[in-house]
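The values are calculated or read from the model by the stated rules, or taken from the named source; none is laboratory data. On a predicted model such as this, the values are computed, not experimentally measured, just so you know. Glycine gets a Cβ as well: all are built from the backbone with ideal geometry, and neighbour counts include every protein chain shown.
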Amino acid sequence: MFDVTQPKLAWTLILVSGLLEVAFSTSVQLSHGFTRLLPASAALLFGGLSVYLMSLTLQVIPIGTAYAVWGGIGAVGTVLVGLLAFGETLSLLRIGCIALIVLGIVGLQWAE
């Protein structure tokens with residue numbers, strides 16, 4: 001579907017696939033153990049699209065970098081959704097750990 005040969009397009013797809021990963025994990029939470037049809041279906045769709053788009057970027061971005069950035073975006077985004085939508089608590093330790101993930105993502109992009 002996409003011919004990912006441009007680094008900017010590859011990085012854009014990594015960002016989009018990471019955001020789809022957040023939508024996936026949020027849908028899994030809302031599906032209540034896949035007992036609710038709409039959120040469960042959304043989770044499967046978002047998860048599949050996320051992995052597919054990330055896989056396209058492997059034409060340009062090394063797999064270790066792509067996977068780490070994709071996972072980092074998904075992790076940080078999901079923490080933010082947990083805080084904002086599901087009332088999870090925030091502590092200094094969690095803030096520090098999130099900051100380390102973000103620094104790692106930025107560092108991996110600079111290393112390319």
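With respect to (1) touching a helix residue (DSSP H, G or I) at 6+ places or on another chain (Cβ under 6 Å); (2) in a helix (DSSP H, G or I); (3) not hydroxyl-bearing (Ser, Thr, Tyr), the lone exception for Ile61 is condition (2). One residue stands out in region 49-64 among those that are within 23 Å of Trp110 (Cβ to Cβ) and among the hydrophobic types (A, V, I, L, M, F, W, C): the one that is nearest to the chain's Cα centre (by Cα), namely Met54.
The lone criterion from (1) out of contact with any Leu (no Cβ under 6 Å at 6 or more places or on another chain); (2) over 23 Å from Trp110 (Cβ atoms); (3) in a helix (DSSP H, G or I); (4) of a type in the set (A, V, I, L, M, F, W, C) left unmet by Phe46 is number (1).
Checked against (1) farther than 21 Å from Ala23 by Cα; (2) modelled with pLDDT of 95 or more; (3) touching a helix residue (DSSP H, G or I) at 6+ places or on another chain (Cβ under 6 Å), Gly77 meets all criteria but (1). Hey, does region 13-24 have a residue that's within 25 Å of Glu88 (Cβ to Cβ), among the hydroxyl-bearing types (Ser, Thr, Tyr) and surrounded by 19 or more Cβ atoms within 10 Å (Cβ to Cβ)? Scanning region 13-24 turns up at least one residue that is within 25 Å of Glu88 (Cβ to Cβ), among the hydroxyl-bearing types (Ser, Thr, Tyr) and surrounded by 19 or more Cβ atoms within 10 Å (Cβ to Cβ).
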